[in-house]
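Please read the structure below before turning to the comments.
Values quoted throughout were computed directly from the atomic coordinates according to the rules given, and no laboratory measurement underlies them. Note that the structure is predicted; figures quoted are calculated from it, not measured. All Cβ positions, even for glycine, are placed from backbone atoms using ideal geometry, and neighbour counts span all protein chains on display.
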Amino acid sequence: MYLTKRGFLCGVGSLAATAGRAWAQGAPFVLDARPQERAVAGLARPLRSLAFNNAIPGPSIRRRPGEEVWVELRNWLGAPLALHWQGVRIVNAMDGVPGLTQARPDGAPLQYRFVPPDPGFYWYRPSAMPAAAEQLARGLCGVLIVEEANPPPVDHEIVAELGDLRLNADGAIQDGADAATVRGAGRVGAVVTVNGAIAPQELRARPGARLRLRLVNVAPARLFVVSFVGVKPMIVAIDGQPCDPFEPVRQTIPVGPGARFDLIVDMPASAGEAAVVARGPEPPGGPALPDTPLVLLRAEGDPLPGRGPVPSLPLNAALPPAIRLQNATRMDLVIEGGAALPAGMGQALAMGYLPPPDPKAPDPKAKAPPPWRLNGRAGEGLPDKPLFSVKRGTPVTLGFVNRTSFPQTMHVHGHVMRLLHPLDDGWEPYWRDAVIAPDGKTSRIAFLADNPGRWLIAATNLDRAANGLAAWFEVT
């Protein structure tokens, strides 16, 4: 499943505007991670969560081009905590991968200092395995926005952090994840959230108002397939990197864990309603489930005049216009293991399908599904040796060969990449930092290894990353 101008391939409270600049120059911005009990409207009991600075999601960090991000992370959780800044072409020492790019966090404050090389929409989340999956599921994350020198004129700029809650029978966040969950769809919850509150959220604006909508999937495992009803979205950037504006096929976008999309959306021209929805899963042999509204757009008041075509963001001149595939280092990463399911069921489960209890089904505790394997290797922790080592400036192509029953979203740290066409006759006209390999299919990517260091390649489902689906490569 991926977004493409050629086609969309698929197996099947209130919205807060982004916060202002987070801190003054010359001092670190403190991210204080602590347990928190919070009440959520619509739930019967408070949730035992984790929060940065008593906020879920955590503070939005905004910087201008050339400004330094300087964060001091203070950990009061009683478990290791480190931060990864997904999508930033960051200096290797600040990438936040314990055991690879930083020492194992021991509870002492950690300093992250870097100047993002590109404007864009990024996010920060836990990265110390194996605790990271639980920490993310309980609320530890936030966004980093590096503004353009000349941002496009809009009437409203909105961030929507899409997530979910996996609750137990008592209404509390479910502790941990057993082997059947880790080797299945993962921590997919029945309660969908937007900016930490139960969906849908609501935005009221004048008819014809122009919105910049920034979508990010902060859920531990859920695949959001997002559609727009009553408005026409235009994508202007993906995973933080600008692209020529285009309308997604069928006005639908697959948003895998960690993915970000910048969209320009004009409110309806007259008073009325529109919506951003998560498409309902379609289990094999059954009808599609109802869509879940994420954001309700209510056009009210005096109409604004039309704004004309959506302008392009400046393309990133630091990225190569072409990648010399004929000179590339090539490797396939074969993904295996996990529960064996009928075709399409893994995607339905990843999208939130909850199958009815089957009295004839075997006890899931009796025998766990096979462990996840990457190129035949299973188990916790990172391998001792890199997948490959290349000189700086070498083009690299990777094939993510998915032999499992589930879509797999794989993230390459420190770089951005082109998604290659299935027929190997070119690439899509946008950059990604992670790609979805559909169940039973292969997704191929290409990138220029231009950032020195040791870099992780791992599933964005952090339980899978901690249990087999992680490796690393080296740029010298």
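Show that you can apply the helix-only estimate: for the chain, add -39,500 (n - 2.57) for every DSSP H stretch of four or more residues, divide by all residues, and state [θ] at 222 nm to the nearest 500.
So the helix-based figure for the chain works out to -1000 deg cm²/dmol.
If you average the alpha carbon positions of region 55-84 and of region 431-446, how far apart do those two centres end up, in angstrom?
The distance from the Cα centre of region 55-84 to that of region 431-446 comes to 28 Å.
Just how far, in whole angstrom, is region 92-108 from region 35-49 if you go by their alpha carbon centroids?
31
Between rounded, prolate and oblate, where does the chain land on the alpha carbon gyration tensor, with a ≥ b ≥ c its root eigenvalues, rounded for a/c under 1.5, else prolate if a/b exceeds b/c?
The shape class here is rounded.
Hey, what's the Kirkwood Rh for region 156-299 if you take every pair of different alpha carbons, in angstrom?
16.1
Quantify how much of the Cα-Cα distance distribution of region 55-128 extends past 20 Å, in percent.
Roughly 28 percent, rounded to a whole number.
Can you find, among GLY163, PRO245, GLN174, the residue farthest towards the positive end of the dipole of region 156-299? Put +1 on the C-beta of Lys and Arg, -1 on that of Asp and Glu.
Of GLY163, PRO245, GLN174, it is PRO245.
Taking the Cα centre of region 325-475 as the origin, how large is its charge dipole in debye, to the nearest 20, when only Lys and Arg (+1) and Asp and Glu (-1) carry charge on their Cβ atoms?
Dipole of region 325-475, to the nearest 20 debye: 220 debye.
For a paramagnetic label modelled at 7 Å from the Cα of ALA55 toward its Cβ, which residues of region 124-158 fall within the zone defined by backbone nitrogen distances under 17 Å?
124-126, 139-147, 157-158
Within 10 Å of each residue's Cβ, count the other Cβ atoms and sort HIS413, HIS84, HIS156, HIS421 from fewest upward.
So the residues, fewest neighbours to most, are HIS421, HIS156, HIS84, HIS413.
So how strong a dipole does the chain carry about its Cα centre when Lys and Arg Cβ are +1 and Asp and Glu Cβ are -1, to the nearest 20 debye?
The dipole of the chain has a size of about 480 debye.
Kindly state, to the nearest 0.05, the FRET efficiency for VAL91 paired with ARG330, given R0 = 25 Å and r defined as their beta-carbon distance.
0.40
Net charge within 11 Å of PRO268 by Cβ-Cβ distance, Lys/Arg positive one each and Asp/Glu negative one each, not counting PRO268 itself?
Taking every Cβ under 11 Å from that of PRO268, the sum is 0.
Could you pull out every one of the aspartates and glutamates with an alpha carbon less than 14 Å from that of LYS232, ignoring same-chain neighbours closer than 8 positions?
Those aspartates and glutamates meeting the cut-off are GLU247, ASP262, ASP266, GLU273.
Starting from the Cα of LYS391, draw a straight line to each of the aspartates and glutamates and keep only those under 13 Å, dropping any in the same chain fewer than 8 residues away.
Once the sequence-local aspartates and glutamates are set aside, what remains near LYS391 is ASP450, GLU474.
Which is farthest toward the positive dipole end of the chain among GLY306, PRO321, VAL69, measuring Cα position about the Cα centre, with Cβ charges +1 (Lys, Arg) and -1 (Asp, Glu)?
Ranked along the dipole, the leading option is PRO321.
Between region 299-326 and region 391-420, what is the C-alpha centre distance in whole Å?
25
Taking LYS441 as the anchor, which aspartates and glutamates have their alpha carbon closer than 14 Å to its alpha carbon, excluding any fewer than eight residues away along the same chain?
ASP332, GLU336
List the relative contact order of region 156-299 as a percent without decimals, with contacts defined as Cα pairs under 8 Å and 6+ residues apart.
27
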